[in-house]
Amino acid sequence: MRLSQYFMPTLRENPTEAQIVSHRLMLRAGMVRQASAGIYSWLPLGFRVLKKIEQIVREEQDRAGAQEMLMPTIQAADLWVESGRYDDYGKEMLRIKDRQDREMLYGPTNEELITDIFRNNIKSYKDLPKNLYHIQWKFRDEIRPRFGVMRGREFLMKDNYSFDLDDEAGRRSYNAMFVAYLRTFARMGLKPIPMAADTGPIGGDLSHEFIVLAETGESEVFYHKDFETFDALIENAGQDDLQSVVDHWTGLYAATDEKHDPAGCPVAAADLKSRRGIEVGHIFYFGDKYSKPLGAAVQGPDGEAVTVQMGSYGIGVSRLVGAIIEASHDEAGIIWPESVAPFKVGLLNLRVDDAACANACDDLYDKLSAAGIEVLYDDRDERAGAKFSTMDLIGLPWQTAIGPRGVKSGIVEVKNRATGERLELSPDDVLTRLAG
Ligand code: 5CA
């Protein structure tokens, strides 16, 4: 992509409405613009990151055996009356009337709708287990939307729902999601810490929040220091290993400030860490809380009707864009982990009015693109300093620059955004180096 043609409205000054660094940097890098309080438009650069995150979430859900589908954003109120949550949800739910005066709502979550689909279509224990997910916009009329996409009113969530014949199988589904979540966040360069959590309006008695550490996180969290040595990128945990992985990750103390009790804390002060964290995912096991009132039952092996056991699992896909920036930035801007970066490489032409320089850049751009590497090519007529600042701000993992001096000696300057390491390579070596 040539930057001269790309829609990326960067800002030089810090916008006054942004209180935290991710919000500031997302506005400055031209990733999002606010449409109204807590509601954002995703501009091309931000949308690319959102899609990358969504894809990692999707791959890990698929790997864990969940099946993707898509439910609507607008739901009928009837099902929520049936589950008993229509009144409980209060003002956070955006309620709408259609032209026939029917009560509708913009979905804040989908337990009712998926349970309705389940009860109408799945009748036998032979069709279990099932784990269904979608990645869809949600609306919650938060009292104080703030911190940009981190606490929005409209936000993108991956939510899935597991259906099992009995409690034991239900807990296995929960464990599979627990491990999938660890992998999902690790692949985005994050260090997740699962913490026992309250279940709030979703319900149930087993629940974990997945927290990533960041100085500007919304809540204070407490955890055993050994978590920092854990590797979340768990390979090939078979059905039997799932419980031991979960036991390993839940065996150490970790609690949000709501649950932490300094007097009763089992960890010695020297081993306890206190930091700030962001909740990027939340999983729940609630048994028959929805399946019972909504009558989601299957015919069991002995012919008797069995109410199914359910769990639900959420990931804040749009929140993750902000959370990753909170966890990975410096004074100059964003530092994207390669797996979610909008482009892998920035290519800077340091002298657009020099024909040899432009030719060398065009040539490298073509070769990188042909090798399937995503490149943002700064071919604008701008000062070199301004180009480097823009690249630092938008945080692409690699910067490659060609100026008149480099053209003469056949050299490309390469900088790694995360480490600051600088190399001087031939165009061919740049290709081999970045192709991996
Ligand atoms: N039904 C369950 C699981 S599917 C559920 O709704 N869980 S939740 O309320 O915890 O939300 C799941 C995830 O969505 C949260 O962990 C958080 O990462 C994200 N999220 C929740 N509220 C917001 C919000 N206002 N803005 C951005 N992300 C949010």
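Read the figures in this text as sums done on the coordinates, not as results from a lab. Fair warning: this is a prediction, and the values are worked out from it, not measured in the lab. Quick reminder, even Gly has a Cβ in these numbers, built from the backbone with ideal geometry, and neighbours come from all protein chains shown.
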Shape call, region 345-435: gyration tensor on alpha carbons, a/c limit 1.5: rounded
Overall form of region 21-334 per C-alpha gyration tensor (a/c, 1.5; a/b vs b/c): oblate
Fraction of antiparallel bridges per DSSP, the chain only, in percent to nearest 5: 85 percent
Label-point separation, Thr250 to Thr16 (7 Å along Cα→Cβ), nm: 4.9 nm
Within-10-Å neighbourhood charge of Arg151 [Cβ basis; K, R +1; D, E -1]: +3
Per-pair calculated FRET efficiency, R0 = 25 Å: Asp231 and Arg172 via Cβ, rounded to 0.05: 0.65
Relative packing of peptides 165-173, 35-43 - highest average C-beta neighbours within 10 Å first: 165-173, 35-43
Rounded to 10°, Cα long-axis angle of helix 355-370 versus longest principal axis of the chain: 30 degrees
Order of Leu396, Leu347 under a 10 Å beta carbon neighbour criterion, fewest first: Leu396, Leu347
Taking Phe185, Phe230 and counting other C-beta atoms within 10 Å, the order from fewest to most: Phe230, Phe185
For region 1-128: rounded, prolate or oblate by the Cα gyration tensor [a/c cutoff 1.5]: oblate
Helix-only CD estimate at 222 nm, as mean residue ellipticity for the chain, using -39500 (n - 2.57) per DSSP H run (n ≥ 4): -9500 deg cm²/dmol
Ranked by how many other beta carbons lie within 10 Å on average, peptides 269-275, 374-380, 90-96, 216-222 from highest: 374-380, 216-222, 90-96, 269-275
Extension gain, Ser389 back to Cys265 (0.36 nm per residue minus Cα-Cα distance, nm): 40.0 nm
Principal-axis tilt of helix 384-394 within the chain, Cα atoms, nearest 10 degrees: 10 degrees
Dipole magnitude (debye, nearest 20) for the chain, charges at Cβ of Lys, Arg, Asp, Glu: 1260 debye
